[in-house]
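Every number in this text was worked out from the coordinates using simple rules, so none of it is lab data. Fair warning: this is a prediction, and the values are worked out from it, not measured in the lab. Neighbour counts run over all protein chains shown; Cβ positions are idealised from the backbone, glycine included.
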């Protein structure tokens, strides 16, 4: 009996997520170099990949490390990469040296008050989003296991190819 009750609740939860996540909420955050980054400005230049991570999250770090080999090519075709640190204020001073030691070229943003995590309804770390230039969220990925980076990267390539196809038809 308990199993039967969980199914409608799970469906309701997943349906609510789909409704909530059709359009990416606007934001601006400070990066690790003190610059303000605006989602709208990034979307003017291409789609955006966002990964919510933290220093304490081993799987978050593994995901960002696994995507790193694809960064140069995807960046060169217009994909913007954001790694939003959900570390609390006491850990913020460690974020920049850590990201640099990992040789991440992503734009690393700071969210010590976890406002972005709440705004994007992130419940699991890591959680990644792919956002089209029209602000539609087309992909959400929660958690990480080896090989998941291929799913994420393939979605990014599909999106860029779709966008490129539309541009070439005009």
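The figures follow:
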item	result
Single residue of 83, 99 found to be touching a residue at least 12 places away in the same chain (Cβ under 8 Å), within 17 Å of the chain's Cα centre (by Cα), closer than 15 Å to residue 32 by Cβ and assigned to a strand (DSSP E or B)	83
Search result, residues across the stretch 55-80 that are in contact with a helix residue (DSSP H, G or I) (Cβ under 6 Å, 6 or more places away or on another chain) and either assigned to a loop (DSSP other than H, G, I, E, B) or within 17 Å of residue 114 (Cα to Cα) (or both)	55, 77, 79
Matching residues in the stretch 30-54 - criterion: being out of contact with any helix residue (DSSP H, G or I) (no Cβ under 7 Å at 6 or more places or on another chain) and surrounded by 16 or more Cβ atoms within 10 Å (Cβ to Cβ)	31, 37, 39, 42, 43, 46, 50
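Residues checked against (1) out of contact with any strand residue (DSSP E or B) (no Cβ under 7 Å at 6 or more places or on another chain); (2) crowded, with 18+ Cβ neighbours inside 10 Å; (3) within 16 Å of residue 47 (Cβ to Cβ):
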| residue | (1), (2), (3) |
| --- | --- |
| 79 | no, yes, yes |
| 95 | no, yes, no |
| 117 | no, no, no |
| 135 | no, no, yes |
